[in-house]
2 protein chains.
Amino acid sequence: VTARAPSATPPTAPGTGGLELDGAGLRALVAAAIDRLAPFLDSLPDQRASGVHPVPAGAVPAPAPLPLTGSPVDVVLDEIVDRARIAFNTTSPGFMAYVPGGGLPYAAVADLIAGVLNRYVGVAAAAPALVRLETDVLRWFAELIGYPAEAGGVFTSGGSMANFGGVIAARDARPGALARGTVYVSAEAHHAVTKAARLAGFAPDRIRTIATDDHYRIDSGELERVLVADVRAGLEPCLVAGSAGTVNSGAVDDFDALADLAATHGAWLHVDGAYGGFFAMTRAGRAALGGMTRADSIALDPHKTLFLPYGTGALLARDFARLRQADAPHASYLPDKNATLPDFSDYGPELTRPFRGLRVWLPFRLLGVETFRDALDEKLELARWIGNELAMEPRLEIVAPPTLSILAFAVRAEGATAAERDALTRRLLDEVNARGRILLTGTVLRGRFVARIAIVSFRTHMDRVIEARDIILESLDRITG
Amino acid sequence: VTARAPSATPPTAPGTGGLELDGAGLRALVAAAIDRLAPFLDSLPDQRASGVHPVPAGAVPAPAPLPLTGSPVDVVLDEIVDRARIAFNTTSPGFMAYVPGGGLPYAAVADLIAGVLNRYVGVAAAAPALVRLETDVLRWFAELIGYPAEAGGVFTSGGSMANFGGVIAARDARPGALARGTVYVSAEAHHAVTKAARLAGFAPDRIRTIATDDHYRIDSGELERVLVADVRAGLEPCLVAGSAGTVNSGAVDDFDALADLAATHGAWLHVDGAYGGFFAMTRAGRAALGGMTRADSIALDPHKTLFLPYGTGALLARDFARLRQADAPHASYLPDKNATLPDFSDYGPELTRPFRGLRVWLPFRLLGVETFRDALDEKLELARWIGNELAMEPRLEIVAPPTLSILAFAVRAEGATAAERDALTRRLLDEVNARGRILLTGTVLRGRFVARIAIVSFRTHMDRVIEARDIILESLDRITG
């Protein structure tokens, strides 16, 4: 017989109870949170679109010391909401700056559920019915944008990591890519694409920036010239990266031209569709996105055009198998492979990562995909409408009309210098934003400062867009005075 | 005067209301979720530690068609909980497999709050008081593990991305790293480190696998020999990667030896502390982790040893400035820099990403850091206790005693072949796990199959560890019996 009695006094368990939260405790803590979040949601239409911005001096708390002991729930929750006020109001229906998404509360509830259940979806064997849930959502994405049945993908934390995955797939599809390979990126591309190429090891002098045409799309003639010159120089085109909606102007590249050139030169075609890709769910959007699905891979951002809270991107590949890492290891401490479900950790850089699929699945299942499609159609219509309205104003110039739901405009100032003209557009933006009902930001297009309107939030509807037009025109009156 | 009347009939807004959720709606949806999560939490002690595993044939749902229209809340929420059952029970107090964390419900509530507020923390100007919150947490991490004041870091999705960030920092600290640089990884290192090096562009033949000593630590004599040979061959040591607690056996490398060798050869020292790093918060853990803080960078996983739900890692650097990307761009569509707060997107691969800091900040503030320290001390004591108990059993051999809270053991089978001995240990594991009260997994150490006990979950206390000992010894009776 073996000894069963403990041979030493069991140590006391100092942490017992300290970190645990039972059902009643969870219910009480969540109720305290909702007591703050519900008024926050209900007051959104009246909150300043800019939030507290610019931030007053002294408004940002000083660095805080390590909290050795706990604090009361009310104090801690109030502090979060107070800190969140000192920020761009990315949740406002009037937030038309950068690329808004809004943050669907349904997805936030999905995160609560995912965190409490805490299942691991990086390998199929650990939670196969939830991995199936994620493969379902990714297959739905592929179907929604028009990719073929063998397409598939992985969830990422956002567009940057989705673009990184596309670059890695391109790099690893071509032996010697870092030695002789070249990358082609639009001058209007999001810097995430160039950054991804640098992270993947491409030297700066192998990353070509291709000039754009009058519509801020890659100049395909110029791309062809650079490709041919590189091949003549003994280099090997590895990756052509297009944009399905640039951040600056919403420009959509000519994917048929890019796909033809990529095919001719044996390069991978990746499309950054972080902002625009999901518009392919709509009839009008799909027409505007042309041959996007000829791409080998596409980066999508559910936290932009599926309106999710920040933290969910996706990389899709026309042929899912091509995302699989050639040297995907099988460590002895990992569970066995599943015959019909992928181990997502073999298809992207992450092993352990959050259960991101639920944030899409829950609102898709509760609301239906048609609700999302309708919302995207609405954004396209709203952008077209305000674009037409502003185009009728002779003191404004539409610098980039809305291909999708982003447009750019500037104050028309005949006879003014470039600096004077830019200053006027900046003044217009300041006037508009000071009202607090909408927030617009500017950018630079071909050296010219322009104001942007990005209509992406699920909370932005016609009433606020009419208000936006009125505020822009009234502000124009004031500055041209 | 300019026309103010709309020139076209405003389009109807088909999405209006469809995606929105007001305060009352959020309260109702969350209540429905809690009605499922509260019983889930309260039944955890009685749930099978393995979950429904192995998965019965037909238990995983078939691929589902695109949900065009919505479904009732109860149907959808029930489906999530049902699917989560078919999974390893990573939340059970008896889950001692892999590297458990458990999933603090406090952090899940933080995710709910973060999602509804939806603030953007990738650049300081967008939410400075929340970026301050994240810099506070990262500074607390540095303080807790004993890093100097100029240390800092970034949050990541998990250990893989934290290790990737360390590899990128090492690579970019040395010009020409991909041309002549070499990487040194333990034979016992987590494959995330090698994967990160491959993602960063290091060729497989530049990644050296260094043999380990009798304690499964990098053999520093062997490391020195390989370093010297590489330098003689004209290569440039770029990165030495150590482990603060390997997954297989919990081994902690000799960081003083590694730091000396790295310094001699001008290489960056990175430590994968995804499992073990936070034990430096405790007196015993810090002693076991020796010179860990001599590392240039350390990967930590709050979703392991701070018990968070999956989805939060962190990369710390001794000198935060060295994480900054040399070519961090400043795109014209981004807001201006803040003078005193970092733009985290310049220090890691992500631009838009979730507000991960809140998942740590909320439980730290509510419970106090001492509660976490006590829990980590408890895990060390529990592992030491069961290690001592099993060591007294002559039919078992402790293959790797607990340096931290992981230990490995095997059935001692005098005169048996290696295959027979491994089969006995596998049978022991099967017997133990069939009881459903604890779940252990195995791994291979130097060609030998061993059973592992990983005591990491915040829900695992002395009662379950006594039960684990009894089950192991009773199962041993049965298989040897």
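General observations
- Residues with amide H under 5 Å from that of residue A:158, placed H, sequence gap 5 or more: A:313
- Shielding score for B:467-476, defined as the mean number of other chain Cβ atoms within 10 Å: 1
- Across peptide A:374-381, the mean count of Cβ atoms from other chains lying within 10 Å of each residue's own Cβ comes to 4.
- Compactness ratio for the range A:375-420: Cα radius of gyration over 2.2 N^0.38 Å (N = residue count) comes to 1.33.
- Across the range A:265-305, Cα pairs under 8 Å and at least six residues apart give a relative contact order of 58 percent.
- The range B:12-154 shape via C-alpha gyration tensor axes, a/c threshold 1.5: oblate
- Ratio Rg/Rh [Cα only; Rh per Kirkwood] for the range A:207-246: 1.00
- Computed from the C-beta positions of residue B:231 and residue B:256, the FRET efficiency with R₀ = 22 Å rounds to 0.55.
- Per-copy distances of the residue B:263 label point, shortest first, in nm (7 angstrom along Cα→Cβ): 6.0
- The equivalent ellipsoid of the protein assembly as shown has semi-axes of 47, 32, 26 Å, largest first, where each one is the square root of 5 times an eigenvalue of the Cα gyration tensor.
- Translational diffusion coefficient (Stokes-Einstein; Kirkwood radius from C-alpha pairs) of the range A:411-473 at 20 °C, 1.002 mPa s, in µm²/s: 169 µm²/s
- Look at the dipole of the protein assembly as shown built from charges on Cβ: of B:84, A:457, A:349, the Cα furthest out on the positive end belongs to A:349.
- Here is the P(r) of the range A:35-105: all C-alpha pair distances, binned every 10 Å from 0, give 16, 43, 30, 10, 0 in whole percents.
- Cα pair distances exceeding 16 angstrom across the range A:239-326, given as percent: 53 percent
- A simple spin-label model places the labels of residue A:211 and residue B:480 8.1 nm from each other, with each point 7 Å out along Cα-to-Cβ.
- Efficiency of FRET from Cβ geometry, residue B:427 and residue B:32, R₀ 35 Å, rounded to 0.05: 0.20
- Copy-to-copy label separations for residue A:150, where each label sits 7 Å from Cα toward Cβ, in nm and ascending: 5.4
- By the beta-carbon count within 10 Å of each Cβ, the least crowded to most crowded order of B:265, B:215, fewest first, is B:215, B:265.
- Peptide A:88-101 is shielded by partner chain Cβ atoms: per residue, an average of 3 of them sit within 10 Å of its Cβ.
- Gyration tensor analysis over the Cα atoms of the range B:339-392 returns equivalent ellipsoid semi-axes of 38, 16, 9 Å (largest first, whole Å).
- Relative contact order, percent, chain B [alpha-carbon distance under 8 Å, six or more residues apart]: 20 percent
- Computing Rg and the Kirkwood Rh from the Cα coordinates of the range B:113-271 gives a ratio, Rg/Rh, of 1.03.
- Sorting A:50, B:457 by the number of Cβ atoms found within 10 Å of their own Cβ, with the fewest placed first, yields A:50, B:457.
- Axis proximity, chain B to A: residue whose C-beta lies nearest, plus whole-Å distance: B:201, 1
- Counting other Cβ atoms within 10 Å as a rough exposure proxy, the listed residues A:214, B:470, B:422 run A:214, B:470, B:422 from fewest neighbours to most.
- Shortest-first nm distances, residue A:463 label point to equivalent points in other copies (7 Å, Cα→Cβ): 5.4
- Pairwise Cα distances in chain A exceed 35 Å for 41 percent of all pairs.
- Residue A:24/residue B:412 FRET efficiency (R0 41 Å; Cβ-Cβ; nearest 0.05): 0.30
- P(r) histogram, all alpha-carbon pairs of the range A:307-462 included - 10 Å bins from 0, percent: 9, 25, 23, 19, 15, 8, 2, 0
FYI, it's all coordinate maths here, none of it is from the lab. Just so it is clear, the structure is predicted and the values come from calculations on it, not from any experiment. For neighbour counting, all protein chains shown are included, and Cβ atoms are generated from backbone atoms with ideal geometry for every residue, glycine included.
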